[in-house]
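The values are calculated or read from the model by the stated rules, or taken from the named source; none is laboratory data. Only a predicted model underlies this, so the values are computations on that prediction, with no experimental measurement involved. Here the Cβ positions follow ideal geometry from the backbone for every residue, glycine too, while neighbour counts run over all protein chains shown.
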Ligand code: PCA
């Protein structure tokens, strides 16, 4: 029986909801084929976000960790490939921090790759009709910060981790110009991300490359 910790960010930038937190709350205690899901809410604050997830890892002792955040402008669920050692915040986080070109970890390498089977995850969701593609950038805000910080903490531990960005909910798009996804589809998509992670200890070799 595998244990999967899925984390969701609180709202930020003056918003009242974050689809990551809405979805993760619905996934609490979901049973998987060969596993179960536990969840945790994460502040959109530099360093505190990492501390919160590290504390949850130490408490739950999961086999895998899936950190989740919203990405306005994206139409699909996007497992991230890489976290970079850069904090360059376009807006202040919920703690008022706005670092520019600072490292996440002064002693860390330039980047860490996801240790989730991102290709198998992408194929699984696509087969179930849920839009999904590998992303090659998690940005330089708190999502990348958390992705990098958790990978840095896990670097000598046998726990898989990766970050997944999800689209906005329809009610967050007041202009009608943004791609959105319903909460039910996001929840089912994240459940499948967790199930595919359990099912694929080795990733599948299929391209998700981009020319640029
Ligand atoms: N998305 C932001 C931070 C929190 C969230 O849900 C990001 O992509 O960095």
Exercise. Considering only residues of segment 23-56 that are assigned to a strand (DSSP E or B) and within 13 Å of the ligand (Cβ to nearest atom), which is nearest to residue 184 (Cα to Cα)?
Worked result: 41
Exercise. What are the residues in segment 23-51 that are touching a residue at least 40 places away in the same chain (Cβ under 8 Å) and under 24 Å from residue 89 (Cα atoms), if any?
Worked result: 42, 43, 44, 45, 46, 47, 48, 49, 50
For this session: Please go through segment 93-119 and pick out each residue that is within 12 Å of the ligand (Cβ to nearest atom) and either under 16 Å from residue 208 (Cα atoms) or out of contact with any helix residue (DSSP H, G or I) (no Cβ under 7 Å at 6 or more places or on another chain) (or both).
Result: 94
Exercise. Has segment 122-129 got at least one residue that is more than 16 Å from the ligand (Cβ to nearest atom), touching a residue at least 40 places away in the same chain (Cβ under 8 Å), within 15 Å of residue 66 (Cβ to Cβ) and touching a helix residue (DSSP H, G or I) at 6+ places or on another chain (Cβ under 8 Å)?
Worked result: yes
For this session: Scan segment 142-170 for residues that are over 23 Å from residue 106 (Cα atoms) and either modelled with pLDDT under 95 or within 16 Å of the ligand (Cβ to nearest atom) (or both) and jot them down.
Result: 164, 165, 166, 167, 168, 169
For this session: Taking the options 189, 176, name whichever one is more than 15 Å from the ligand (Cβ to nearest atom) and modelled with pLDDT under 95.
Result: 176
Exercise. On the given criteria, is residue 20 surrounded by fewer than 15 Cβ atoms within 10 Å (Cβ to Cβ), near the ligand (Cβ under 10 Å from one of its atoms) and at pLDDT 95 or above?
Worked result: no
For this session: Within segment 134-180, work out how many residues are in contact (Cβ under 8 Å) with a residue 12 or more places away in the chain and assigned to a loop (DSSP other than H, G, I, E, B).
Result: 13
